[in-house]
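**Student:** Below you'll find the structure I mean.
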Amino acid sequence: MPGEPTAQEIFDELAAEQLTRPDVTVGKMLQSDSLQLNGKSFAFVSKERLFLKVPAARVDEMVGKGEGENCVLGGRRMREWVVVPATGTPEDRTRWRALLAESAAFIATLTDPARKAH
């Protein structure tokens, strides 16, 4: 629809919200700006699609429900990355905000210093 925000515009707005957290920064992932938590990328946009790092079981769930697609890079399926196409509807912002929070929470479990101490 004309006048609807692009995936990048939605991502940029939501990224600004994430960047208010002291542990979230901007980095690079596949030549795109990505959101990083403790130095690990968890989300980026490319070609009107949102890429998110989530647990493999969550990827399977989202793909099974038609909420996302498997992420295939260089012919290889990335088991902990899901691709969410933009629908061009206002719901993208709400849905993507929740997915970014979910992805950041997953990365937090992977980068938690207390977890590495055990």
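**Student:** Ranked highest first by average number of other Cβ atoms within 10 Å, how do 77-85, 20-28 line up? All intermediate terms of the calculation are to be shown ahead of the outcome.
**Tutor:** On the way: 77-85: 17.6, 20-28: 12.1.
Highest mean packing first, the order is 77-85, 20-28.
**Student:** Related question: Mind checking the dipole of the chain: about its Cα centre, +1 per Lys or Arg Cβ, -1 per Asp or Glu Cβ, Debye to the nearest 20?
**Tutor:** Using only the charged Cβ atoms, the result is roughly 580 debye.
**Student:** What number of lysine-lysine pairs in the chain show an alpha-carbon separation below 17 angstrom, given a sequence spacing of 8 or more or placement on distinct chains? Walk me through the numbers on the way to the answer.
**Tutor:** Working: Lys28/Lys40; Lys28/Lys47; Lys28/Lys53; Lys40/Lys53; Lys40/Lys116.
Qualifying lysine pairs in the chain: 5.
**Student:** Using all C-alpha to C-alpha distances in region 11-118, build P(r) with 10 Å bins and read off the rounded percent in each one.
**Tutor:** Reading upward from the zero bin: 15, 49, 31, 5, 0.
**Student:** Rank Glu13, Glu102, Glu69 by mean-square fluctuation in a GNM of the chain with C-alpha springs under 10 angstrom and give only the top-ranked residue.
**Tutor:** Looking only at Glu13, Glu102, Glu69, the biggest GNM fluctuation is shown by Glu13.
**Student:** If you count only protein heavy atoms with a 1.4 Å probe, what accessible area per residue comes out for the chain, rounded to a whole Å²?
**Tutor:** Working: 6720 Å² over 118 residues.
Per residue, the chain has 57 Å² of solvent-accessible surface.
**Student:** Also: I'd like the carbon and sulfur percentage of the solvent accessible area for the chain, probe radius 1.4 Å, heavy atoms only, ligands and nucleic acids excluded. Walk me through the numbers before you get to the answer.
**Tutor:** Values: 3690 of 6720 Å².
With neighbouring chains kept in place, the figure for the chain is 55 percent.
**Student:** Work out, step by step, the length gained on full extension between Arg76 and Leu19: first 0.36 nm times the residue separation, then minus their alpha carbon distance; give nm to one decimal. Kindly include the intermediate steps, with their values, before the conclusion.
**Tutor:** Values: separation 57, 0.36 × 57 = 20.52 nm, distance 3.04 nm.
Result: 17.5 nm gained on full extension.
**Student:** While we're looking at this one, here's another question. Ranked highest first by average number of other Cβ atoms within 10 Å, how do 59-68, 38-47 line up? Before the final figure, lay out each step's value.
**Tutor:** Details: 59-68: 14.6, 38-47: 19.5.
So the peptides 59-68, 38-47, ranked by packing, come out 38-47, 59-68.
**Student:** Separate question: Relative to the present Cα-Cα distance, how much length would full extension add between Glu4 and Thr94 at 0.36 nm per residue of separation?
**Tutor:** Values: separation 90, 0.36 × 90 = 32.40 nm, distance 1.44 nm.
Roughly 31.0 nm would be gained on extension.
The values are calculated or read from the model by the stated rules, or taken from the named source; none is laboratory data. This one's a predicted model, so the numbers in the text were calculated from it and none came from an experiment. Please note: Cβ atoms are built from the backbone with ideal geometry, for glycine as well, and neighbour counts cover all protein chains shown. Keep in mind that these areas ignore ligands, DNA and RNA; they rest on the heavy atoms of the full protein, side chains included. Shrake-Rupley method; radii C 1.70, N 1.55, O 1.52, S 1.80 Å.
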